[in-house]
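Okay, structure first, notes after.
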């Protein structure tokens, strides 16, 4: 009886899967080829340059403070310097140390804030692209009567093997208005690596 039930379950499952149309898509490639991808990446590079400029400026200020602090300590430790100059140098070194600590804390806070802003901006910009792809992919799958679409991207592979016949990546790129030729060039570059 158990064998008959198992055979029946397998037959029903086989029939269900036979009617299910499955396709794969390289989501990473679709994102890369999306019409907004280049401008999004340029915006992120520009933002990164701007943020790095702010951090470099702050780091330069800290380095100058360190040099001034070292000079005050060296003057304090110099045996040829009078006691009055040593006292002044010691006071200056202590003030500079406090300022240096403050500047380092500000640098750390700035770096944390800029990293957070960058990550949020990147997520928001790519959400626009991903939402557009999701909308177009859903419409494409519905029009083609595809039941399941699996991602085959290298970064997060969900498919270990697939026939090129079920790969709809180029169709989805076209549906989003993306550049298929650019995608093919990118695929060739990745194959070389």
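The values are calculated or read from the model by the stated rules, or taken from the named source; none is laboratory data. None of the values given here were measured: they were computed from a predicted structure. All Cβ positions, glycine included, derive from the backbone under ideal geometry; neighbour counts span all protein chains shown.
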- Task: Working carefully through the options 81, 25, 12, find the one that is at pLDDT below 95, closer than 30 Å to residue 178 by Cα and either loosely packed, with under 15 Cβ neighbours inside 10 Å or touching a helix residue (DSSP H, G or I) at 6+ places or on another chain (Cβ under 7 Å) (or both).
- Result: 25
- Any idea which of 95, 106, 135, 99 is modelled with pLDDT under 95 and surrounded by 11 or more Cβ atoms within 10 Å (Cβ to Cβ)? 135
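For (1) within 17 Å of residue 37 (Cβ to Cβ); (2) part of a helix (DSSP H, G or I); (3) in contact (Cβ under 8 Å) with a residue 24 or more places away in the chain, each residue gets a yes or a no:
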{"site": "74", "(1), (2), (3)": "no, yes, no"}
{"site": "87", "(1), (2), (3)": "no, yes, no"}
{"site": "97", "(1), (2), (3)": "no, yes, yes"}
{"site": "101", "(1), (2), (3)": "no, yes, no"}
{"site": "105", "(1), (2), (3)": "no, yes, no"}
{"site": "155", "(1), (2), (3)": "yes, no, yes"}
{"site": "165", "(1), (2), (3)": "no, yes, no"}
{"site": "173", "(1), (2), (3)": "yes, yes, yes"}
- Message: On the basis of being surrounded by fewer than 18 Cβ atoms within 10 Å (Cβ to Cβ), modelled with pLDDT of 85 or more, on the phi < 0 side of the Ramachandran plot and in contact with a helix residue (DSSP H, G or I) (Cβ under 9 Å, 6 or more places away or on another chain), does residue 147 make the cut?
- Response: yes
- Yes/no for residue 152 being out of contact with any helix residue (DSSP H, G or I) (no Cβ under 6 Å at 6 or more places or on another chain) and surrounded by 15 or more Cβ atoms within 10 Å (Cβ to Cβ): yes
